[in-house]
Amino acid sequence: MAIPTETVYGLAANALDVEAVTKIFVAKNRPYFDPLIVHVQSAEAAKEYSEKIPTWAFELMKRFWPGPLTLLLPRKNIIPDLVTSGLDRVGLRCPDHAMTLDLLQSLSFPLAAPSANPFGYVSPTTPSHVNDQLGNAIEYILDGGECKVGVESTIVGFEDNTPVVYRLGGLSVESIESVTGQAKVATTSVSNPQAPGQLQSHYAPRKKVLIGDINELLKDYSRVGVLSFQEKYSSEKIEKQIVLSSSGSLEEAAQKLFSSLRELDKSDVDIILTEFVPNTGLGRAINDRLRRAAT
Ligand code: TXA
Ligand code: MG
């Protein structure tokens, strides 16, 4: 079943049931080396699935759960190997969505859920995104409306007691550092990724995406789709244009990012031209997704 969260829609199954979890991998066409995030109802519940929660992790949970933060923590054996791809850490997250929190509270098990999209494609932020791509593969979509945050959770682990951000996401690095002090950001890895969200090409539309100075790029292409941050560009070469946030809000831009990429991907353009947004707060996650969409 697909479930809403504040970040993106997830494709959920009983995290403690190998047969149920296998169905997720099949529906998404996801490689088995890519571990799944386990969704829990509270920090208290996280203790049932992690052997040892470091102090920093506990502080982060207290401050930011429910919210767009996944913590990589030493797992208990109750979590099947399939969920962690055999790794000794499990990714735990408490999502900030009333409907899904209600669901988690009514269940006696946590929910493993990757984003509800075919492997490698842009994550879904509405029920119809899920239905477009996985409608035939799954039975239910819990309709919780449009996702508020719009980019996936930030993934944080710990190496020698230092927090490491493995995937930039809906919780800014600045917010994390306000609790833990300086964090290491280790989000690109070409081979053997700690988190496949780190693979260089991921979150990608089918159409070619180029990032740069849009006016410059426009010189070389026609039948163009433009995805800009604040500015509206004018050129007869532009077939379709989406401005992420005319007021310059990074929160609004993140919220609209994936649905805008999907819309341009579906439209009648030959190429998508886009530009980086300011590289602070949620801007870092947006730029990360744009870069991967363009690889
Ligand atoms: O916002 C989100 O995180 C969404 C919603 C549905 O919660 N989920 C999501 O899941 O984006 P997914 O599977 O598309 O991306 C999760 C990333 C993957 O790249 C995976 O490799 C990494 O988290 N991950 C999960 N468990 C891990 C583990 N035990 N060790 C290392 N990486 C892990
Ligand atoms: Mg995903």
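The values are calculated or read from the model by the stated rules, or taken from the named source; none is laboratory data. Predicted model only: the values in this text are computed from it and were never measured. No Cβ is skipped: glycine too gets one built from the backbone with ideal geometry, and neighbour counts run over all protein chains shown. Side chains included, ligands, DNA and RNA excluded: accessible areas come from the protein's heavy atoms. Shrake-Rupley method; radii C 1.70, N 1.55, O 1.52, S 1.80 Å.
Would you please put 285-291, 262-268, 109-115, 239-245 in order of how densely packed they are, using the mean number of other Cβ atoms within 10 angstrom per residue and starting with the highest? Each step should come with its number before you reach the end.
On the way: 285-291: 21.6, 262-268: 16.3, 109-115: 24.6, 239-245: 18.0.
Top to bottom by mean Cβ count within 10 Å: 109-115, 285-291, 239-245, 262-268.
More than 25 angstrom separation, counting every C-alpha pair in segment 2-185; what % is that? Don't jump to the answer; show the numbers that get you there.
Working: 4657 of 16836 pairs.
Beyond 25 Å sits 28 percent of the P(r) for segment 2-185.
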Cut-off under 12 Å on the C-alpha distance; same-chain residues fewer than 8 positions from Lys62 excluded. Which aspartates and glutamates are left, in chain and number order?
Glu44
If you take the C-alpha gyration tensor of segment 209-294, multiply each eigenvalue by 5 and take the square root, what semi-axes do you get, largest first, in whole Å?
20, 13, 12
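So with the 1.4 Å probe, I'd like the accessible area per residue for segment 2-185, rounded to whole Å². Before the final figure, lay out each step's value.
Numbers: 7490 Å² over 184 residues.
For segment 2-185, the solvent-accessible area averages 41 Å² per residue.
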Of the beta bridges DSSP finds with both residues in segment 1-153, what % are antiparallel, to the nearest 5?
75
When DSSP assigns beta bridges and you keep just the ones with both residues in the chain, what percent turn out antiparallel, to the nearest 5?
45
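Mean separation of Cα pairs under 8 Å and 6+ residues apart, divided by the residue count of segment 2-185: what relative contact order is that in percent?
Numbers: 388 pairs, mean separation 57.5, N = 184.
Value for segment 2-185: 31 percent.
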Rounded to 5, the percent of DSSP beta bridges in segment 209-294 classed as antiparallel
0
Under 24 Å between alpha carbons, and skipping anything fewer than 8 positions from Lys208 in its own chain: which lysines qualify?
Lys28, Lys219, Lys232, Lys237, Lys240, Lys256, Lys266
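Quick one: with all protein chains in place, what share of the accessible area of the chain is carbon or sulfur, to the nearest percent (1.4 Å probe)?
Values: 5980 of 12700 Å².
Looking at the chain in its full context, I get 47 percent from C and S.
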